[in-house]
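Note sheet for the following structure.
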Amino acid sequence: MKFLKFLLFVILIVVIAGAIYFGTQDGTYQIEASREINAPREVVYDIVNEYKTWEEWGPWKKEEPTMVFNYADKTSGEGASYSWQGEVDGSMTTTEAVPGISLKQDMTLQTPGGERKPEVYWTFETTEQLATIATWGIKGEHTLMDKVYFAFTGMDFEADMQEMYEQGLTGLEAAAREEIGKYNVNIDGITQYSGGFYLYRTTSAKAPSVPTIMSQNYNGISTFMSENNIAVTGMPFTIYNETFPNGDVIMTNALPVREKIIVAGDTNVFSGYMPTVTAVKVTLVGNYINLGEAWSTAMKHVQDKGYTLSKEKPFEVYVTDPQDHPNPADWITEIYVPIEDLK
């Protein structure tokens, strides 16, 4: 009996000592991972901000295919939430959303050791190359039970979370790549384009330098118009005076104006006029890198239909301004191939 009392006393001492030891260990944690993603910041933010995308890019389904996700009526922005059932049930609510900049989210986990409530945060930064650095982090405090469990099972909580976040950012990068890569080419058929006056610059350009020279031309025309208080009356367009098999072009970059402008001095900006034309119209919704396919589609349609090309040169109109639409998948370009009036 004395031995039993002694044994219980020893066990009590061990328990107390263990409690003191684990209780004095720092239980706070903050774990984060970052990834540079070659996509606009707004695109990456919008994916993360919408909880319905998490099931696709997150790492959880790969580890636990039977996990079930449930979505609230509001799934993006401040107040949005979702929950899940799996080996560990949980939920998440967005408490702060700064568009394109950051997110803060409260997580609740139903663990065997009780309820845990860590805080999750995201930040999004734009690099000089216009890529996005996405940072995903979590912070909280382990309970005494957690610290004992980690000690006796050998579980490395921080390493496991770090690996999970790295996998998640890999999935996020793939989702962003897919999002900005979406495009569609549509043959709209025959239409009338009303034309009108415009200011322009005409330049020859080798294929790789076309975007750069085009940008320089539009900047020069815009500067001239601003200095002379001339208003733009439509979207920019490019007339392809001549194209070569290797992709080199002679092009006219133009901005529409209300009336004929008398241009004086050595400005390298000229005034032009486009008559009303009958044209085959093809619309590209997506990144400009897909313009080659869109133009091929337009010219093949003209050939298949047996249309006769007009003396007016083909051109493309940039319906959307990339500065207002960060996601290239939203860019709209209209292609017009002038043809002779149908009999």
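Does anyone have the angle between helix 157-180 and the longest principal axis of the chain? Alpha-carbon axes, 0 to 90°, nearest 10?
Helix 157-180 sits at roughly 20 degrees to that axis.
Tell me, what % of the accessible area of the chain is carbon and sulfur with a 1.4 angstrom probe? Walk me through the numbers on the way to the answer.
Values: 10540 of 19540 Å².
The value for the chain is 54 percent carbon and sulfur by accessible area.
Please list 28-36, 334-342 highest first by mean number of surrounding beta-carbon atoms within 10 Å per residue.
Taking the mean over residues of other Cβ atoms within 10 Å, the ranking is 334-342, 28-36.
When ranked by the protection proxy of mean other Cβ atoms within 10 Å per residue, highest first, what sequence do the peptides 42-50, 231-239 form? Don't skip to the answer; put the middle values down first.
Details: 42-50: 20.6, 231-239: 17.0.
My ranking of the peptides, most packed first, is 42-50, 231-239.
Just to confirm the number: angle between the C-alpha axis of helix 144-153 and the first principal axis of the chain, 0 to 90 degrees, nearest 10?
On a 0 to 90 degree scale, this one is about 90.
Can you tally the net charge around Ser34? Count Lys and Arg as +1, Asp and Glu as -1, for every other residue whose Cβ sits under 13 Å from the Cβ of Ser34.
Details: positive: Arg35; negative: Glu32, Glu36, Glu125, Glu166, Glu173.
With Lys, Arg at +1 and Asp, Glu at -1, the net is -4.
Could you give the accessible area per residue of region 271-343, probe 1.4 Å, as a whole number in Å²?
Details: 3730 Å² over 73 residues.
Accessible area per residue, region 271-343: 51 Å².
Which of Ala264, Ala176, Ala254 moves most in a GNM of the chain, Cα contacts under 10 Å?
Ala264
Gaussian network model of the chain, Cα springs within a sub-10 Å range: biggest mean-square fluctuation belongs to which of Tyr82, Tyr318, Tyr193?
With Cα springs under 10 Å in the chain, the top fluctuation among Tyr82, Tyr318, Tyr193 is at Tyr193.
Provide the net charge surrounding Ala205, with neighbours chosen by a C-beta distance below 12 Å and charges set as Lys +1, Arg +1, Asp -1, Glu -1. List each step's numbers first, then the result.
On the way: positive: Arg201, Lys206; negative: Glu242, Asp248.
With Lys, Arg at +1 and Asp, Glu at -1, the neighbours total 0.
Between 0 and 90 degrees, rounded to the nearest ten: what's the tilt of helix 2-24 against the longest Cα principal axis of the chain?
Tilt relative to the chain: about 30 degrees.
From the helices alone, meaning DSSP H stretches of at least four residues, give me the mean residue ellipticity at 222 nm for the chain, per-run term -39500 (n - 2.57), in deg cm²/dmol to the nearest 500.
The helix contribution divided over the chain gives -10000 deg cm²/dmol.
Of Asn38, Asn246, Asn268, which is the most mobile in a GNM of the chain whose springs link Cα atoms less than 10 angstrom apart?
Maximum among the listed residues: Asn246.
I'm spelling it out carefully: the read-out is semi-axes √(5λ) of the Cα gyration tensor in Å, the candidates are [x] 32, 24, 17; [y] 51, 26, 18; [z] 63, 21, 16, and one was derived from this structure. Which label?
[z]
The values are calculated or read from the model by the stated rules, or taken from the named source; none is laboratory data. Being a predicted model, the structure only gives us computed values, none of them experimental. Cβ coordinates were reconstructed from backbone atoms using ideal geometry, including for glycine residues, and neighbour counts include every protein chain displayed. The accessibility values were calculated without ligands, DNA or RNA, using every heavy atom of the protein model including side chains. Shrake-Rupley method; radii C 1.70, N 1.55, O 1.52, S 1.80 Å.
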